[in-house]
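Working notes, structure below.
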Amino acid sequence: MMNMMKLLTVLALTLLLCGCGAKAEPVQTTAPTTAPTAQSVPPTEETPAQTEPAMQPVLARQLRDGTYEITVDSSSSMFRIVKCVLTVENGTMTADMTMSGQGYGFVFLGTGEEAAQAAEGEKIPFTLDAEGAKVFPVPVTALNEKINCAAWSLKKETWYDRELVFRSDLLPQEAFLEG
């Protein structure tokens, strides 16, 4: 089990490092003042098929309170998460997803069609970290399960459908509660 964890850690780090030479985009210093309203949702982009995770779902009640760096699989190479910090506190989980670029202004947990109809307060705006990267804080109900996530493109002014999997494979063994 330990050798498998080391292998997965090395693979994850290799994947993260492969994106380090990407061209930086200009930094947007403020979030949009209002969330996008009902807009047409374009057809799903052509994205590579994602491999189904072979892991069991992990719920907040199975983890110790704490902050852990995890990986996130995305169904789109245009929605690349370069860092994700999971916070487990009092039986709930939240994830701060740091994006590789500056192209998105909001995310929504659901489909693009649902996002277009949602109230402004349901759309999640970004914050900027110390390096000027966009960070989206999202609630997480379970690790290792696909969730729908719509992303608002600032350039195209439309919602794009994504599927995300917040992964548990990099969590240290001590993050898990006994039993």
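P(r) of the stretch 103-178 in 5 Å steps, Cα pairs, percent per bin?
Result, from short to long distances: 3, 14, 20, 22, 16, 12, 7, 4, 1, 0 percent.
Trypsin sites (Lys or Arg not before Pro), restricted to the stretch 94-166: which are DSSP loop and have at most 16 other Cβ atoms within 10 Å?
Details: sites: 123, 134, 146, 155, 156, 162; in loops: 123, 155, 156.
Loop-located and lightly packed - 155, 156.
Please sort by residue number the GluC sites (Glu not before Pro) in the stretch 89-139 whose DSSP state is loop and whose Cβ has at most 14 other Cβ atoms within 10 Å.
Working: sites: 89, 113, 114, 120, 122, 131; in loops: 131.
The qualifying sites are 131.
All of the numbers you see were taken from the coordinates with simple rules; none came from a lab. Just so it is clear, the structure is predicted and the values come from calculations on it, not from any experiment. Every residue, glycine as well, gets a Cβ built from its backbone with ideal geometry; the counts of neighbours run over all protein chains shown.
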